[in-house]
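Throughout, read-outs are computed from the coordinates displayed, never taken from laboratory work. The shown structure was predicted, so the numbers you read here are calculated from the model rather than taken from an experiment. Cβ atoms come from the backbone with ideal geometry, glycine included; neighbour counts cover every protein chain shown.
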């Protein structure tokens, strides 16, 4: 577009009383810190039951040899591995999956799972849960992958 056309368009907009909204820049002291960032190829969704939900963000460290034990949550869990390596077993896949820094874990509500650290270094995680308000965050479960006797 030539400068002449742009000037005419601007003049018409001004005469007609159109106002172009401008962005409102931040002001004051604001500090934002990314705690973790990860990537997944799996879809991300959160579905809650009931009128109220609670959202948790936890920093979790699994020391060398640590094991969360089999458990469930009443809502979905999203975890980002900040550093180290963990192995996750779900009742739906007893083979286990190794996750390292930058990878994301998703566990559906009610699915029994456990996370453990088979390495000699700590694994640091950021864990989020969305659960029905006033519900217990965790329920211990029996070993879902135990070999039959």
Note to self: Please determine whether any residue of region 119-140 is in contact with a strand residue (DSSP E or B) (Cβ under 7 Å, 6 or more places away or on another chain), buried (at least 18 other Cβ atoms within 10 Å of the Cβ) and part of a loop (DSSP other than H, G, I, E, B).
What the structure shows: no
Notebook entry, point to check: Are there any pairs, at least 6 apart or on different chains, whose C-beta atoms fall under 7 Å, with the first in region 100-119 and at positive phi and the second outside any loop (DSSP other than H, G, I, E, B), and if so, which?
Noted result: 102/39; 102/81; 110/72
Check: Which residue pairs have Cβ atoms closer than 8 Å, lie 6 or more positions apart in sequence or on different chains, and pair a first residue in region 68-90 that is in contact (Cβ under 8 Å) with a residue 40 or more places away in the chain and on the phi > 0 side of the Ramachandran plot with a second residue that is surrounded by fewer than 18 Cβ atoms within 10 Å (Cβ to Cβ) and assigned to a loop (DSSP other than H, G, I, E, B)?
Finding: 84/101; 84/119; 84/121; 84/122
